[in-house]
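Single-structure report; data block below.
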């Protein structure tokens, strides 16, 4: 049995643990380190996994370690775990936003198999989208292990060029907020025309949910689906023409570029950490 350890027991770790248990992974194979006693108790009560206050105890015999902490926490973790990881050589999976593979190798030691991942918040309900990028030390079997873990919370896609991980962040990691902003805008627009706000929100949210399902389940080009609901000279065409006049495509392109650029900047800031 593969023994799996999580450093950090926050929301993303909880979503992955819950998803793994649903696929049949035994709770006895999972351990978690979490500094807050109340959070440790909740994890144990909900999932039946071993929970520890100390990182060393959680990773002692782990084959795979998931780093589910904020990037700024990495220096404290690597100082504590470097020797153990070099001795045991586990597969290291990082879901810390913006942390590059070379930074992880610098902190935890060259030679470790490391997979950098960028999940998003819909993973909390099993509908996540995750990009994964391995370093040169990751074997095919370890790639399969990493994919199995992240598949428990949604879909996964491998990214060969790590430079594109900032783009992954822009179109999936950050993108749930774009859809929330769209629903907010639809709600405000409908309310300004007299529709009750609660009704507007429910209709807009369900429409986004349904459209998303059509995209993922139909397997067709979004342009084809768009055309099917756009009758000539109808209401949808009127709205789309307004979007085009205001430069929707350019607005989205600039937003994705801004998020991508900020991801690169954040990674550069991490270079200053010890």
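The values are calculated or read from the model by the stated rules, or taken from the named source; none is laboratory data. Since the model is a prediction, treat every value here as computed from it, not as a measurement. Because the Cβ atoms are built from the backbone with ideal geometry, glycine has one as well, and the counts that use them run over all protein chains shown.
A few points about this structure:
- Criterion applied to 124, 164 was being out of contact with any strand residue (DSSP E or B) (no Cβ under 6 Å at 6 or more places or on another chain), in a helix (DSSP H, G or I) and free of Cβ contacts under 8 Å to residues at least 40 places away in the same chain, and the one residue passing it is 164.
- Just one residue in the set 32, 25 is in contact with a strand residue (DSSP E or B) (Cβ under 8 Å, 6 or more places away or on another chain), within 26 Å of residue 270 (Cα to Cα) and either in the same structural domain as residue 125 (by TED's automatic domain parsing) or at pLDDT below 95 (or both); that residue is 32.
- Exactly one residue among 112, 85, 81, 92 is in contact (Cβ under 8 Å) with a residue 12 or more places away in the chain, farther than 18 Å from residue 267 by Cα and part of a loop (DSSP other than H, G, I, E, B), and that residue is 112.
- Among the conditions (1) at pLDDT below 95; (2) surrounded by fewer than 17 Cβ atoms within 10 Å (Cβ to Cβ); (3) at negative phi, the only one that residue 169 does not satisfy is (2).
- Sub-9 Å Cβ pairs linking a first residue in segment 138-151 that is assigned by TED's automatic domain parsing to the domain that holds residue 101 to a second residue that is crowded, with 20+ Cβ neighbours inside 10 Å and assigned to a loop (DSSP other than H, G, I, E, B), at least 6 apart or interchain, are 138/113; 139/113; 142/113; 146/138; 150/95; 150/119, ordered by first then second residue.
- Some residue of segment 97-106 being within 18 Å of residue 14 (Cβ to Cβ) and either in the same structural domain as residue 62 (by TED's automatic domain parsing) or surrounded by fewer than 15 Cβ atoms within 10 Å (Cβ to Cβ) (or both): yes
- The requirement of being touching a helix residue (DSSP H, G or I) at 6+ places or on another chain (Cβ under 6 Å) and buried (at least 20 other Cβ atoms within 10 Å of the Cβ) is not satisfied by residue 109.
- Residue 185 farther than 29 Å from residue 158 by Cα, at pLDDT 95 or above and either assigned to a helix (DSSP H, G or I) or touching a strand residue (DSSP E or B) at 6+ places or on another chain (Cβ under 9 Å) (or both): yes
- In segment 167-189, residue farthest from residue 96 (Cα to Cα) [restricted to those that are out of contact with any helix residue (DSSP H, G or I) (no Cβ under 7 Å at 6 or more places or on another chain) and free of Cβ contacts under 8 Å to residues at least 24 places away in the same chain]: 189
- Some residue of segment 50-57 being touching a residue at least 40 places away in the same chain (Cβ under 8 Å) and over 23 Å from residue 159 (Cα atoms): yes
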